[in-house]
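Below: the structure, in structure tokens.
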Amino acid sequence: MSQVTLGSACGVVFGLIAAAMMIPMTFPDKRAALIGAFLNRLSIGVAIGAGLHSFSWPGWSVGLMFGLLLSAADAVITKAFLPILGIGALGGTAIGYIISMWGS
């Protein structure tokens with residue numbers, strides 16, 4: 001499977017997990033919050049899949065970088081730094097590892 005396809009698939013799974021974790025929470029506009037979280041986590045997977053070949057770093061470290069970088073704006077806006085950056089870092093690291101091991 002290509003790195004972009006695998007990254008996109010991983011991003012969809014990551015986005016669904018992130019949105020599911022937010023279901024019990026309350027938000028002024030819950031639908032927008034869930035869609036925003038899904039799209040942010042999807043973009044992490046797509047970016048890692050598309051950009052992994054551009055770096056000579058280990059896949060997990062590229063994933064960590066993209067996970068933190070793409071989560072930073074949401075963390076600043078919501079002021080929920082630890083959960084958003086932590087989940088972005090964990091998911092990005094896992095996706096980077098998965099793509100580096102099984103992507104072609």
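Of note:
- Checked against (1) more than 17 Å from the chain's Cα centre (by Cα); (2) under 23 Å from L6 (Cβ atoms), I44 passes all but condition (1).
- Single residue of segment 45-78 satisfying the filter (free of Cβ contacts under 8 Å to residues at least 24 places away in the same chain and not hydrophobic (A, V, I, L, M, F, W, C)) that is surrounded by the fewest Cβ atoms within 10 Å (Cβ to Cβ): S56
- Residue-level check: of (1) touching a helix residue (DSSP H, G or I) at 6+ places or on another chain (Cβ under 8 Å); (2) within 17 Å of A94 (Cβ to Cβ), L69 misses just (1).
- Against the test of being within 10 Å of the chain's Cα centre (by Cα), assigned to a helix (DSSP H, G or I), among the small types (G, A, S) and under 16 Å from T5 (Cα atoms), the options A50, A94 yield a single qualifying residue, A94.
- Every residue from segment 18-29 that is under 16 Å from I77 (Cβ atoms), free of Cβ contacts under 8 Å to residues at least 60 places away in the same chain and part of a helix (DSSP H, G or I): M22
- Residues that are closer than 24 Å to Y97 by Cα and hydroxyl-bearing (S, T, Y), drawn from segment 15-55: S43, S54
Readers should treat all values here as calculations from the given coordinates under stated rules, not as data from a laboratory. Predicted model only: the values in this text are computed from it and were never measured. Positions of Cβ are generated from backbone atoms using ideal geometry, with glycine treated the same way; all protein chains shown enter the neighbour counts.
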